[in-house]
């Protein structure tokens, strides 16, 4: 093991550049998947005709497929039908599709955890269905949603490493590039990558705990 050579300034900078790509891809995917997942979850909860069935079909299909298959499909299959994306946007689209299905179920379950009497009380007080959902149901359901949503975001951050199969220059990809230079770098570099992932994910878990206390 060569810790000194592995942790040279050039290698550290190269890894951090990869980590920046990891954060960028994860950040964009988190935002997009959250909004798409919220729409799908609310549509299923509200049982909107046709749309609820389409949403359920999409969610059930995606939840039962491996993320790696979705990444391959987006990057290799979509260009065959005229939809060619860059490596970065292929990774973002695949992660968004996969995570939105997971988040949709979390949000739907959170809404379902609110007693049905709350909806009836809101409607009887003169509020519309949408107003009741927004002002009464959603605020109560959020508390039970926060832990699993943040847990899913943590999984998303880790799942960006799967995009190494399409050569996305994220942290794991750059770690493999460094390891290819010298077999003695493998353990030191992977230890450093593990520490970076741990710090990032532990920070997210702390945010989740703070949110739970404040909601």
Relative to the longest principal Cα axis of the chain, at what angle does helix 51-63 sit, 0 to 90 degrees, rounded to 10?
30
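So what's Rg/Rh here for segment 1-63, counting alpha carbon atoms and using the Kirkwood radius for Rh?
1.39
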Which shape class applies to segment 163-215: rounded if a/c is under 1.5, otherwise prolate when a/b exceeds b/c and oblate if not, where a ≥ b ≥ c are the square roots of the Cα gyration tensor eigenvalues?
oblate
In whole angstrom, largest first, the equivalent ellipsoid semi-axes that the Cα gyration tensor gives for segment 84-132 are 38, 12, 5
Using just the helices of the chain, give the 222 nm mean residue ellipticity in deg cm²/dmol: DSSP H runs with n ≥ 4 each add -39,500 (n - 2.57), and the total is spread over all residues, rounded to 500.
-24500 deg cm²/dmol
Could you work out how much longer the chain between residue 183 and residue 112 gets when fully extended? Use 0.36 nm per residue separation minus the Cα distance between them, nm to one decimal.
20.3 nm
Once you have the Cα-Cα distance between residue 203 and residue 16, take 0.36 nm times their residue separation minus that, and quote the gain in nm to one decimal.
65.6 nm
Run the paramagnetic zone check for residue 61: 7 angstrom along Cα to Cβ, then residues of segment 32-54 with backbone nitrogen under 15 Å.
51-54
Using the Kirkwood radius over Cα pairs, work out the Stokes-Einstein diffusion coefficient for the chain at 25 °C and 0.890 mPa s, in µm²/s as a whole number.
128
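Only the coordinates and a few stated rules stand behind these numbers; no lab work does. Keep in mind it's a predicted model, so treat the numbers as computed, not measured. Cβ: placed from backbone, ideal geometry, glycine included. Neighbour counts: every protein chain shown.
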